[in-house]
Amino acid sequence: MLQKQTIQTSQRDEMLDVTSDIQAFVKETLIQNGLVLIYSPHTTAGITINENADPDVKHDMLMRLDEVYPWEHSNYRHMEGNSASHLKTSTVGPSQHVIIEDGHLVLGTWQGIYFCEFDGPRQRTYYLKVVEG
């Protein structure tokens with residue numbers, strides 16, 4: 001089963017916790033064991049898994065990505081002016097796989113799944129695909 005999710009971002013750089021939406025989708029599928037693929041079809045937004053208990057983790061990740069890939073750099077050549085967002089997305093990656101066991105996402109105690117916006121605000125999409133097994 002494939003589902004397209006829509007998400008509205010509100011900042012240029014942000015990490016939105018989509019864990020509960022993904023768990024709800026898994027529950028709807030009635031699949032008890034398998035994998036769920038979370039995929040972003042954008043070149044300036046990605047998917048990651050990280051701590052969801054302390055909001056400072058999101059802050060620190062976004063801050064460090066900005067330090068490594070500053071929004072403005074004299075050697076950037078991409079005419080749209082968003083080279084940093086492409087670099088951040090390549091670093092984070094476009095997708096994640098999560099194991100499903102007994103109908104639940106297998107995540108660590110402090111883990112959450114994040115949609116990472118690097119060129120917002122925008123209306124975005126991401127896809128969920130469950131594979132039974």
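Read the figures in this text as sums done on the coordinates, not as results from a lab. Quick caveat, the model's predicted, so the values are computed rather than measured. All Cβ positions, glycine included, derive from the backbone under ideal geometry; neighbour counts span all protein chains shown.
From the phi of every residue in region 107-119, what ³J(HN,Hα) in whole Hz does the Karplus formula 6.51 cos²θ - 1.76 cosθ + 1.60 yield, where θ is phi - 60° and glycine or proline is x?
10, x, 3, 9, 8, x, 9, 10, 8, 9, 8, 10, 8
Would you mind working out the magnitude of the charge dipole of region 2-132 relative to its Cα centre, with +1 at each Lys and Arg C-beta and -1 at each Asp and Glu C-beta, to the nearest 20 Debye?
Magnitude of the dipole: close to 460 debye.
Once you sort the root eigenvalues of the Cα gyration tensor of region 22-74 as a ≥ b ≥ c, which label holds: rounded (a/c under 1.5), prolate (a/b larger than b/c) or oblate (the other case)?
Taking the square roots of the gyration eigenvalues as a ≥ b ≥ c, region 22-74 is oblate.
Placing +1 on the Cβ of each Lys and Arg and -1 on the Cβ of each Asp and Glu in the chain, which of TYR114, MET1, SER95 has its Cα farthest towards the positive end of the resulting dipole?
Result: MET1, furthest along the dipole toward the positive end.
What distance in nm separates the simple spin-label points at MET79 and ASP60, each placed 7 Å from Cα in the Cβ direction?
Result for the modelled spin labels: 4.1 nm.
Show me, bin by bin at 5 Å from 0, the whole-percent P(r) of region 90-133 based on Cα pairs.
5, 13, 25, 24, 17, 12, 4, 1
Give me the compactness ratio for the chain, meaning the Cα radius of gyration over 2.2 N^0.38 Å.
Normalised Cα radius of gyration, the chain: 1.10.
Suppose each label sits 7 Å from its Cα in the direction of the beta carbon; what would the THR43-LYS4 distance come out to in nanometres?
2.0
What's the longest uninterrupted piece of the chain once you rule out the GluC sites (Glu not before Pro) that are loop residues per DSSP with at most 13 other Cβ within 10 Å?
That would be 1-71.
Pop out the ³J(HN,Hα) list for region 5-18 in order, Karplus 6.51 cos²θ - 1.76 cosθ + 1.60 with θ = phi - 60°, rounded to Hz; leave Gly and Pro as x.
10, 10, 9, 9, 9, 10, 9, 4, 10, 7, 10, 9, 6, 10
Can you compute the modelled spin-label distance between LEU30 and GLU132, with each label point 7 Å from Cα toward Cβ, in nm?
0.9
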